[in-house]
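S.K.: Could you have a look at this structure, given as structure tokens, before my questions?
The values are calculated or read from the model by the stated rules, or taken from the named source; none is laboratory data. No experiment lies behind these values; they were computed from the predicted model shown. Ideal geometry is used to build each Cβ from the backbone, glycine not excepted, and the neighbour counts take in all protein chains shown.
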């Protein structure tokens, strides 16, 4: 992936994150349009589609669980994460083969990045009023830090596994 593509992916992800945090479900359409454009430009549409669906699903289930146990508290006071958070997961999924792709071969760096930046993202979302925490900010940061130090390498592993399986499938069919 070119430096220009990595930069664009990073900028669009940040726009998606901020618009979803600030404007909620209204901004979700932006992410859906971006996903369609993103998929259109991928060499392996099928593999990328599977990755996007899988990561979005897994992330949404995890955040739903964290909402259920009271780590995340949304203004709507229910145990289901809002749709805009699902869209943030979709936007994140598009970064694995985008701006985060340079991390692919460095699991220790994936753990480190995961332990620091995603937890800061949740804290930033809370500071902007999109979510609150059922525990202190420090406890919540530590929960997310441990969780994401595991999740990010797992997501990269699943990404490689899916891409490898789809490439193998394509190679087998071609022969």
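S.K.: Just give me the residues in the stretch 110-121 being under 26 Å from residue 19 (Cβ atoms) and touching a residue at least 40 places away in the same chain (Cβ under 8 Å), in sequence order.
M.R.: 121
S.K.: Run residue 156 past the list (1) more than 21 Å from residue 20 (Cα to Cα); (2) surrounded by 13 or more Cβ atoms within 10 Å (Cβ to Cβ); (3) free of Cβ contacts under 8 Å to residues at least 60 places away in the same chain and report the number of the one that doesn't hold.
M.R.: (3)
S.K.: Right, another one. Can you find a residue that is surrounded by 13 or more Cβ atoms within 10 Å (Cβ to Cβ), under 19 Å from the mean Cα position of the chain (by Cα), within 28 Å of residue 76 (Cβ to Cβ) and modelled with pLDDT of 95 or more anywhere in the stretch 159-171?
M.R.: No, that holds for no residue.
S.K.: Can you pull out the helices (runs of 4 or more DSSP H) entirely within the stretch 1-88 that have at least 3 residues that are touching a strand residue (DSSP E or B) at 6+ places or on another chain (Cβ under 9 Å) and surrounded by 16 or more Cβ atoms within 10 Å (Cβ to Cβ)? Talk me through it step by step, then tell me what you get.
M.R.: Details: elements: 3-23, 28-40, 45-68.
In the stretch 1-88, 45-68 are the helices (runs of 4 or more DSSP H) which contain 3 or more residues that are touching a strand residue (DSSP E or B) at 6+ places or on another chain (Cβ under 9 Å) and surrounded by 16 or more Cβ atoms within 10 Å (Cβ to Cβ).
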